[in-house]
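**Q** There's a structure below that I have some questions on.
The values are calculated or read from the model by the stated rules, or taken from the named source; none is laboratory data. Small disclaimer: the values here were computed from a predicted structure and weren't measured. Neighbour counts run over all protein chains shown; Cβ positions are idealised from the backbone, glycine included. Side chains are part of the model used for accessible areas, which takes the heavy atoms of the whole protein and leaves out ligands, DNA and RNA. Shrake-Rupley method; radii C 1.70, N 1.55, O 1.52, S 1.80 Å.
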Amino acid sequence: MAIGVAMSNLKLDNVFQVDIYESTAKLTQVGAGITIWPRGWEILKNMGLEASLVERLSPDQEVPTGVPKIGFVYRKSDQKVGVPITTILVPGGSISYHRADLQDILLKHISPLIQFHLSHRLKRYQRNDKGIIELEFTNGEKAVCDLLIGADGINSAVRRTFISEGKDWSEDEKTRNARPVFSGTYVYRNLIDSDLIRRDNPNHQALKLPVVYCGKNKHIVAYPVSQGRLINSVLFVSDISKQGTYLDGPAVVENTQDDFVSPFVGWEEDAQILVNRTSKPSKWAIQTSKPLDAFASGGVFLIGDAAHAMPPHLGNGAGQAIEDAYFLAMMLAKELTSKEKISIEKITRVYNAVRRPFGNFVVEATIRQGLRYEFNAPGYEDIRDGETVSEERLEALGKIIAKGYDWTWQSMKNDLERALSMMKNDSLERAMM
């Protein structure tokens, strides 16, 4: 959806025929909370979305201006009386939305010239003898295109074909090599009526601030969405011995009957309130994609989770998908200004040179951040469940956590300028060959 907005904003829909193939039968707004950091806000503003986003801000939130604001409050909560770890101050702070609100805004900013094709799940693609990309869908329909942008998620059918091109792999090998890996963490997602939390504790921090309640092998993330009417609450439970394995069982279970309460027994009161107010949550297995050597080849581009699926520990999966879409649209627009016929090969090289290393970096950075929240980072593995930890050790951990956020508020402008410079600089182009 983000690529449609980016191309609409740059009027590329007047130049290209743009078709979006969507696996669902209806474009519905679903999901829970989503965080936008200053880096992502800058891109959304450049795409013409700021006014619509401002309309849906929570009462306690404001447009990022560069002034340091609270990004997240971290607490060690696996004990009766919790203690602070750190408060992350981010230039501009973070903005939280209900995912459905953001989806609705994106949909309203897509040009009517862009066509949606619903109930079309890609099965595979191939190239014909003229180099045209042929698409085959599970419903039996077929289509052709000159440029394919795979934004089809962590189980991407585009990625499956992409990584197997030029290789003599069996169908089983294609599936195994494209398969995401399990992080060892399950999350329980729930939206809680703020009035229920207020009834239990009118001063509950999560009513106004993003808070992370930390403990050994588990943590809780909570923050207000839908202009403060709801609290997005997510319970994380991890078994790090399963990190890097393949998932055994479904990735998502709606209205799970799992016992998600007992892991948090003995935690501080505010954390217990969130757990006790969680009702029939959805259960998600957090998976990640294996690092790729390329995000683009021969007119096929991977964006978002199809390229670099990551855990939610830095709240930037959606932000990076939007960044991919924006960069790709900007490179297409730049190429159109220089010649009548665009060079897909050039765009491919630049996209791989700029977006691939950064996307892979964000995946690894996010994995490391999650280990810190659950006292499994190097130097903290010895901490046991509910154990008292010295103020000095917690302060040191807090500094590491804060450092992990540095890139989320830094502008993407330098990376974009570097990419656009590569697009116009013939010597740089030859050097990359």
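**Q** Return the loop-located trypsin sites (Lys or Arg not before Pro) in segment 365-408 (DSSP other than H, G, I, E, B) with at most 16 other Cβ atoms within 10 Å of their own Cβ; answer none if there are none.
**A** ARG384
**Q** I've got another one for you. Could you bin all the Cα-Cα distances of the chain into 20 Å bins starting at 0 and give me the percent of pairs in each, rounded to whole numbers?
**A** 24, 57, 18, 0
**Q** Taking R0 as 56 Å, what's the FRET efficiency between ASN128 and ALA396 from their Cβ-Cβ distance, rounded to 0.05?
**A** My answer for the efficiency is 0.45.
**Q** Per 10 Å bin, what percent of the C-alpha pairs of segment 317-433 does each bin hold, from zero upward?
**A** Going out from 0 Å in 10 Å bins, segment 317-433 shows 11, 34, 22, 16, 11, 5, 1 percent.
**Q** Follow-up question, since we're still on this one. Please go through segment 105-213 and write out the GluC sites (Glu not before Pro) that DSSP classes as loop and that have at most 15 other C-beta atoms within 10 Å.
**A** Those that pass, being in a loop and sparsely packed, are GLU141, GLU165.
**Q** Just to verify a number: FRET efficiency for HIS117 and ARG229, C-beta to C-beta distance, R0 = 45 Å, to 0.05?
**A** Computed FRET efficiency for HIS117 and ARG229: 0.85.
**Q** Now for a different question. Under a GNM of the chain (C-alpha, springs under 10 Å), which listed residue has the highest mean-square fluctuation: VAL253, VAL15, VAL237?
**A** VAL15
**Q** With label points built 7 Å along Cα→Cβ from the Cα atoms of ASN255 and ARG277, find their separation and express it in nm.
**A** Those two pseudo-labels are separated by 2.3 nm.
**Q** Where Rh denotes the Kirkwood radius from the mean inverse Cα pair distance, what is Rg over Rh for segment 315-381?
**A** Ratio of gyration radius to Kirkwood radius for segment 315-381: 1.22.
**Q** Taking springs between alpha-carbon atoms closer than 10 angstrom, which of LYS76, LYS130, LYS346 fluctuates most in the Gaussian network model of the chain?
**A** Per the Cα network of the chain with a 10 Å cutoff, LYS130 tops the list.
**Q** Can you pull the percent of the chain's accessible area that's carbon plus sulfur, 1.4 Å probe, other chains left in place?
**A** 50 percent
**Q** Another question, then. What are the lysines whose alpha-carbon lies under 16 Å from the alpha-carbon of LYS216, with same-chain residues fewer than 8 places away excluded?
**A** Within reach: LYS76, LYS80, LYS242.
**Q** In segment 281-338, what is the volume of the convex hull around the alpha carbon atoms, normalised per residue and reported in Å³?
**A** Measuring per residue, one finds 109 Å³ for the Cα hull of segment 281-338.
**Q** Cα to Cα, under 28 Å, and not fewer than 8 places away if on the same chain: which lysines meet these conditions relative to LYS108?
**A** Those lysines meeting the cut-off are LYS11, LYS26, LYS45, LYS142, LYS334, LYS413.
**Q** Residues of segment 265-301 with amide nitrogen under 12 Å from the 7 Å Cα-to-Cβ point of GLU136?
**A** none
**Q** Distance between Cα centroids, segment 339-415 to segment 153-200: provide it in whole Å.
**A** What the calculation gives is 19 Å, centre to centre.
**Q** Taking R0 as 41 Å, what's the FRET efficiency between LYS26 and GLU417 from their Cβ-Cβ distance, rounded to 0.05?
**A** 0.55
**Q** Next question. How much length is gained on full extension from ASP172 to VAL389, taking 0.36 nm per residue of separation minus their Cα-Cα distance?
**A** 73.3 nm
**Q** Also, quick follow-up: Fully extended, how many nm does the chain gain between ALA353 and ASP406 (0.36 nm per residue separation, minus their Cα-Cα distance)?
**A** 16.9 nm
**Q** For the residue pair ASP104 and ALA51, what label-to-label distance in nm results when each label sits 7 Å from Cα along the Cα-to-beta-carbon direction?
**A** Each label point is offset 7 Å from its Cα along the Cβ direction, giving 1.8 nm.
**Q** Something else now. Who wins for biggest fluctuation among ASN201, ASN232, ASN376 in a Gaussian network model of the chain, springs between alpha carbons below 10 Å?
**A** Ranking ASN201, ASN232, ASN376 by mean-square fluctuation puts ASN201 first.
**Q** For segment 307-397, which GluC sites (Glu not before Pro) are both in a DSSP coil and crowded by at most 15 other Cβ atoms within 10 Å?
**A** GLU340, GLU381, GLU387
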